[in-house]
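The values are calculated or read from the model by the stated rules, or taken from the named source; none is laboratory data. Worth saying up front: this structure is predicted, and the values here are computed from it rather than measured. Methodologically, a virtual Cβ is constructed for each residue, glycine included, from the backbone with ideal geometry; neighbour enumeration extends over all protein chains shown.
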Protein chains: 2
Amino acid sequence: MGGDKAPDVVIEGTALAVSRNPSIVPTLVGDEPVLRALLGRHPSLKDVDILHTPDQVAAEEVPSVALRTGKNSSMNLAISLVKEGKADAIVSAGNSGALLIMALMALRTMEGIDRPALAAYMPTIHGLCCMLDLGANIDCSAEHLVQFAIMGDAFCRVTTGVSTPSLGLLNVGEEEQKGNATIRQAATVLSRPDVELNYIGFVEGNDITSGEVDVVVSDGFSGNIALKTTEGTAQFITTLLRKSFKSSAMARLAYLLARPSLKGLRKKLDPQLYNGAVLLGLNGIVVKSHGGANARGVANAIEVATRMIENDFMDDLKQSVERSMLALDASSAQ
Amino acid sequence: MGGDKAPDVVIEGTALAVSRNPSIVPTLVGDEPVLRALLGRHPSLKDVDILHTPDQVAAEEVPSVALRTGKNSSMNLAISLVKEGKADAIVSAGNSGALLIMALMALRTMEGIDRPALAAYMPTIHGLCCMLDLGANIDCSAEHLVQFAIMGDAFCRVTTGVSTPSLGLLNVGEEEQKGNATIRQAATVLSRPDVELNYIGFVEGNDITSGEVDVVVSDGFSGNIALKTTEGTAQFITTLLRKSFKSSAMARLAYLLARPSLKGLRKKLDPQLYNGAVLLGLNGIVVKSHGGANARGVANAIEVATRMIENDFMDDLKQSVERSMLALDASSAQ
């Protein structure tokens, strides 16, 4: 029931995801009569399970209020399905803050993880990079950053198949002495040979899209600013480009000729392709679709969840965390 | 003597600046024989003053070492000219960290300013926006952020002529409760009616290039990350665009036709146009040219310094700081 054009777009996206991957068995959580009325157009969802509730979390609801009053909301019931083992993941296009706090309260963080982090993929020159935290944690300690690195590594491995993803810490320079004490301390831990991560050092803002690393780790404040700055700059340039192509008859002709070649660029910058931010570190898979995503975007968010399920993300991360805790405990005992 | 192609490009840029604005009286500081040999090609610099020193700060020198060993470096002597009132501003394309620490030690911060901040202009849909701090201060208190706002306001007024620039604090959301305690405390001060600033609230990463405000205020950590993310994203997209236009014969033809219309875009994204970051808050005008700037870029950096001098930036800022200190003192005395 969440998102700008819910539930239509969510159902359409679910149908698309199922048609792409018939092994997906969705449960729709929300207002059954409303949902049923929309299912007619989607034969692939003919036998879909619906968990009925008339309640939903409003887009503008303050998260703490949603938590208190939204026990029977579609969001909270969907999270409960994951908690009770009746669903392998939840995908929601609703209120981000509410999803974060409700999922945290219901699913709790995994052993060895203090705080969940929001991760997503961004386009780079070479392909993709995963970035976290994108805003779930404003102030982060060195331990949190190390945990984010472990989670980003597992997420990248499981969803992209890269066997040893390279990791960088987002900083204001690449030299060892750059940044604050927190980030330098995290770098020291990540650099240790017994920590089994492919940590390559500090990276800067311009290294995100240059594809310097597979995973960019940062606190949620700078991560969110980097994410939104990237989005804003991309929008800024494409707006200018669109204007240029409309500025004269010759430019319009040029656009018609260039159109097929610009397809790659358009695809590379298509936000729907990168839709599906993941809340990592909880006892369950939680995927957040952008509220403005279209059906393709929703389908992609569902696909992210599916890839995590199919490749045993939860087990993989659990083992990673355990190995890292052993290494860190062993060294602090020395 | 600083920058990737020094001193050639610096001299060329100085000649360009003087030819554009003959009221500029430059003093070149550096290795006189080397400089003299290059002056022949620039009649506008025929009678230029040269302050000779064979020493210079290396690009890769650690700032604290430069400070200790670079007393007679061209950078330090140029700063001394400002300190002694023999120059109205210093423009350097050299080692940024060394310039920051040497200028801070020699010129000291103005009364009422605790720390200097690095400011520069960035392109937006509507025109320009000034952003600070871009990396001089990693950890900032609420007081620092308020001081940056006062300095950004004065800098924007004096160099662009906008009479009451709109100011925003860079945050992870626009709602009052967003961000950490530091940024919320700064927002409370900036919102007070007796603080004579056109503060409009929190802005997000995507608001930088959308032209939401004239001045974006942030700590140096997130400011640097936002700046470099913008640069990286712009480079990422223009690289993809260039590739697209080369991908087929038709695309190459399209490029030839589109070329005149793309001029505006190219100009808007031309880093040389925005060259000249300013170290605000010291007892003197200090402008940093990018090390990789070409002659046009160096000329633009000199022009930033010139505009600040011609419009009495130092006096303007001094009065602004005094007025703000009075307002803040008055309220804390209540």
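Look at residue A:261 and say whether it is more than 30 Å from the chain's Cα centre (by Cα) and at the interface with chain B (Cβ under 7 Å from one of its Cβ atoms).
It is false that residue A:261 is more than 30 Å from the chain's Cα centre (by Cα) and at the interface with chain B (Cβ under 7 Å from one of its Cβ atoms).
From the list A:193, A:260, A:271, exactly one residue is at pLDDT below 95, more than 30 Å from residue B:266 (Cβ to Cβ) and not aliphatic (A, V, I, L, M). Which is it?
After applying the criteria, what remains is A:193.
Restricting region A:266-285 to residues that are aliphatic (A, V, I, L, M) and crowded, with 21+ Cβ neighbours inside 10 Å, which is nearest to the other protein chains (Cβ to nearest Cβ)?
Applying the filter and picking the extreme gives A:277.
Restricting to region B:1-25, count the residues that are surrounded by 19 or more Cβ atoms within 10 Å (Cβ to Cβ), hydrophobic (A, V, I, L, M, F, W, C) and in a loop (DSSP other than H, G, I, E, B).
The number of residues fulfilling the criteria is 3.
In the set A:77, A:100, which member is surrounded by fewer than 22 Cβ atoms within 10 Å (Cβ to Cβ), within 14 Å of the chain's Cα centre (by Cα) and at pLDDT 95 or above?
The conditions single out A:100.
Within region A:175-192, restricting attention to residues that are surrounded by fewer than 17 Cβ atoms within 10 Å (Cβ to Cβ) and not charged (D, E, K, R), which residue is farthest from residue A:150 (Cα to Cα)?
Here the answer is A:177.
Only one residue in B:195, B:172 is surrounded by fewer than 23 Cβ atoms within 10 Å (Cβ to Cβ) and either among the aliphatic types (A, V, I, L, M) or within 11 Å of another protein chain (Cβ to nearest Cβ) (or both). Which one?
Testing whether each residue is surrounded by fewer than 23 Cβ atoms within 10 Å (Cβ to Cβ) and either among the aliphatic types (A, V, I, L, M) or within 11 Å of another protein chain (Cβ to nearest Cβ) (or both) leaves just B:195.
I'd like to check something: does region A:240-257 contain any residue that is among the small types (Gly, Ala, Ser), within 25 Å of residue A:58 (Cβ to Cβ) and touching a helix residue (DSSP H, G or I) at 6+ places or on another chain (Cβ under 7 Å)?
No - not one qualifying residue is present in region A:240-257.
Name the one entry in B:158, B:217, B:162, B:189 that is over 24 Å from residue A:236 (Cα atoms), under 19 Å from the mean Cα position of the chain (by Cα) and among the aliphatic types (A, V, I, L, M).
B:158
Residue pairs, Cβ under 7 Å, 6 or more apart or interchain, first in region A:42-68 and touching a residue at least 60 places away in the same chain (Cβ under 8 Å), second polar (S, T, N, Q) and part of a loop (DSSP other than H, G, I, E, B). List them.
Qualifying pairs under 7 Å: A:59/A:95.
Out of all the residues in region B:129-165, which are over 26 Å from residue B:101 (Cβ atoms), within 14 Å of another protein chain (Cβ to nearest Cβ) and modelled with pLDDT under 95?
Those that are over 26 Å from residue B:101 (Cβ atoms), within 14 Å of another protein chain (Cβ to nearest Cβ) and modelled with pLDDT under 95: none in region B:129-165.
With crowded, with 23+ Cβ neighbours inside 10 Å and free of Cβ contacts under 8 Å to residues at least 12 places away in the same chain as the only criterion, which of B:225, B:208 stands out?
Being crowded, with 23+ Cβ neighbours inside 10 Å and free of Cβ contacts under 8 Å to residues at least 12 places away in the same chain holds for just one of B:225, B:208, which is B:225.
Cβ-Cβ distance below 8 Å, separation of 6 or more or different chains: which pairs start in region B:6-20 with a residue that is farther than 15 Å from residue B:303 by Cα and end on one that is assigned to a loop (DSSP other than H, G, I, E, B)?
These pairs meet every condition: B:6/B:93; B:6/B:94; B:7/B:1; B:7/B:31; B:9/B:3; B:9/B:93; B:9/B:293; B:9/B:294.
Any idea how many residues of region B:148-169 are surrounded by 16 or more Cβ atoms within 10 Å (Cβ to Cβ) and either farther than 30 Å from residue B:307 by Cα or in contact with a helix residue (DSSP H, G or I) (Cβ under 8 Å, 6 or more places away or on another chain) (or both)?
14
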